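A quick write-up on the structure given underneath.
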Amino acid sequence: METDVYHSPKCLLVLLIICHLWWCSLASDTSVLPDEQRLSRKLFHNYDTSVRPVFNSSHSVVVTFNYNLIQVMDMDEKNQVLTLNAWLEWGWIDERMTWNPKDFNGLEVFRVPASKLWLPDILLYNNADDYTSGFMKCNVMIFSNGLVLWSPPARLRSSCHIDITYFPFDSQVCSQKFGSWTYDKAQVDLRNKSNILEVSNYITNGEWTLAKYTLKRNEVKYPIGDAVFPDVTIYITIYRRILYYVLNILLPCFWLNILSVLTFCLPPDAGEKLTLSITVLLSYSVFMLLVADTMPPTSESVPLIEVYLTMSMAMSSVSVIMTVLVLKLHHSPPNPTEVPNWVRFLILGVLAKIIQCKCSPRKDKKKSNARSATNSNKYKEPEVTSNLIPEPTPYSRNSFSSDASRAEDNTSNVDSRINRRSTSNQESSSEYRAHLYERSAYGMEELLKYLKLIVKKTDKEAEEEDLTDEWKQVALIVDRTMFYIFLFITLFSTLVILVIVPAASYVKSGRT
């Protein structure tokens with residue numbers, strides 16, 4: 001009875017209806033899937049990302065490379081690292097990624113995550129960061145003919161040998177080497193799409209100017225084996241913009257040089273000379289610290305700006321020394337010594353004529369003082385005294401007795417008492433006159449001593465004043481000579497270091 005139920009026509013009809021409905025449901029599920037999903041199921045069914053996309057293992061995957069430079073981000077001179085923003089573009093044929101666009105409603109381009117496809121292990125050889133960073137894992141474009149395009153934006157930090165000889169008038173040539181790390185030419189053949197960079201989207205940098213940019217393909221055989229590894233190297237030449245350094249370093253340094261020169265324009269007796277010189281020297285020290293922070297710690301070359309600052313700092317140091325010397329010469333000690341003959345000849349003679357500085361030589365004064373001293377030595381004190389008060393002579397003393405004798409002969413009738421009294425008065429008058437002479441002579445001697453002391457002191461003061469004036473003339477001439485020397489060195493060093501040498505480097509590098 002039960003067997004008849006299962007084999008009845010009604011049951012068979014129900015089974016046929018159920019099978020038909022199930023088949024229709026399967027057909028309807030397939031027809032409602034998106035084209036890209038159906039294509040994804042088709043392409044990535046049994047796809048292995050670790051296998052090269054060629055059916056014949058003896059064939060090489062040709063990878064084309066293109067470099068689109070966006071911006072020069074930074075040049076770290078201290079660490080010698082160049083940072084660039086770029087769009088990288090790789091293209092190759094994946095033989096497993098082909099389909100008929102008609103089967104998928106005309107779908108010719110398919111975009112999938114890069115992690116689902118085989119990617120060439122191309123990296124930046126001279127990467128300054130770790131090798132796992134830099135590339136963005138963006139989507140990959142797949143074309144119906146099997147062409148795969150991968151264009152990841154990247155921030156590339158590459159090591160670059162910095163030549164700072166002509167800083168801040170320098171130009172740098174940096175390179176970035178791209179190549180496969182494990183595949184040789186027989187497996188992955190890397191080729192450049194063009195010989196120049198794409199710079200249509202380039203954004204200018206405030207510090208660097210992009211001058212030259214080229215690509216070059218190289219084939220290198222490393223000592224680990226006989227295999228040849230191709231690579232594509234990008235060469236970028238950039239010029240430094242000098243306006244910032246001219247306004248913030250070079251011009252202030254030049255004006256400090258001018259201040260150092262103007263130190264010698266102040267009067268030699270001005271105490272501010274030394275203050276100004278030391279202030280300028282300290283300013284140079286600050287500038288050296290500022291420049292040292294931007295320079296790489298290398299001994300291969302010395303930057304041009306450091307040469308200029310070092311020379312300026314040395315000149316400022318010499319300026320301090322010469323200022324101290326000028327002040328020392330100008331402010332002579334209380335008992336100045338005589339200027340040496342070689343100093344008088346070299347400074348008061350030669351240098352004074354060269355700088356056209358008129359000075360009164362002390363040579364004639366010295367001769368006149370010597371002649372006056374000789375005459376004063378010949379001038380005897382007794383002669384001066386005798387000229388002032390004549391001494392009594394024997395004739396003058398006996399004149400009174402002879403007159404008395406003649407008076408006795410002529411006047412015999414005069415009383416002898418009167419004659420004796422007259423004789424006594426004459427003798428006492430003669431003694432008085434002799435005593436008066438002695439007292440006058442003693443007073444004149446004392447007066448002459450004081451006069452000689454006054455004259456001697458006056459001569460000594462005049463002599464010291466002459467010596468002081470002569471030392472002041474020496475200080476003035478040295479000060480004026482240093483002014484011309486420092487002015488010449490400042491202008492010459494500025495012209496050579498900041499104009500001629502950079503111009504020669506521009507010509508050498510082809511920079512205009």
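The strands (runs of 3 or more DSSP E) found entirely in the range 49-159 that carry 3 or more residues being under 29 Å from P297 (Cα atoms) are 61-76, 81-93, 153-159. Look at N205 and say whether it is under 30 Å from F104 (Cα atoms) and outside any strand (DSSP E or B). Considered against the rule, which asks whether it is under 30 Å from F104 (Cα atoms) and outside any strand (DSSP E or B), N205 comes out as no.
Checking L325, L289 one by one, the residue that is part of a helix (DSSP H, G or I), surrounded by 13 or more Cβ atoms within 10 Å (Cβ to Cβ) and either among the aliphatic types (A, V, I, L, M) or over 20 Å from the mean Cα position of the chain (by Cα) (or both) is L325 and no other. Residues in the range 247-270 that are without any contact (Cβ under 8 Å) to a residue 40 or more places away in the chain and over 19 Å from V324 (Cβ atoms) were compared, and the one that is surrounded by the most Cβ atoms within 10 Å (Cβ to Cβ) is P252.
Being surrounded by fewer than 17 Cβ atoms within 10 Å (Cβ to Cβ), among the hydroxyl-bearing types (S, T, Y), farther than 20 Å from Y245 by Cα and at pLDDT below 85 is a condition met by at least one residue of the range 296-305.
Could you go through the range 170-181 and let me know if any residue there is at pLDDT below 95, touching a Gly at 6+ places or on another chain (Cβ under 8 Å) and closer than 30 Å to E300 by Cα. No - not one qualifying residue is present in the range 170-181. For the range 75-89, the candidate set comprises residues that are closer than 21 Å to F65 by Cα and surrounded by fewer than 20 Cβ atoms within 10 Å (Cβ to Cβ); within that set, the residue that is farthest from the chain's Cα centre (by Cα) is E89. When I164 is tested against (1) farther than 25 Å from L250 by Cβ; (2) in contact (Cβ under 8 Å) with a residue 24 or more places away in the chain, exactly one condition is not met: (1). Under the condition of being free of Cβ contacts under 8 Å to residues at least 40 places away in the same chain and outside any helix (DSSP H, G or I), the residues counted in the range 472-512 number 2. Here is a check on your reading of the model: is K273 assigned by TED's automatic domain parsing to the domain that holds D163 and touching a residue at least 24 places away in the same chain (Cβ under 8 Å)? So K273 does not fit the description; no.
The values are calculated or read from the model by the stated rules, or taken from the named source; none is laboratory data. What you see is a predicted model; the values in this text were computed from it and never measured. Glycine gets a Cβ as well: all are built from the backbone with ideal geometry, and neighbour counts include every protein chain shown.
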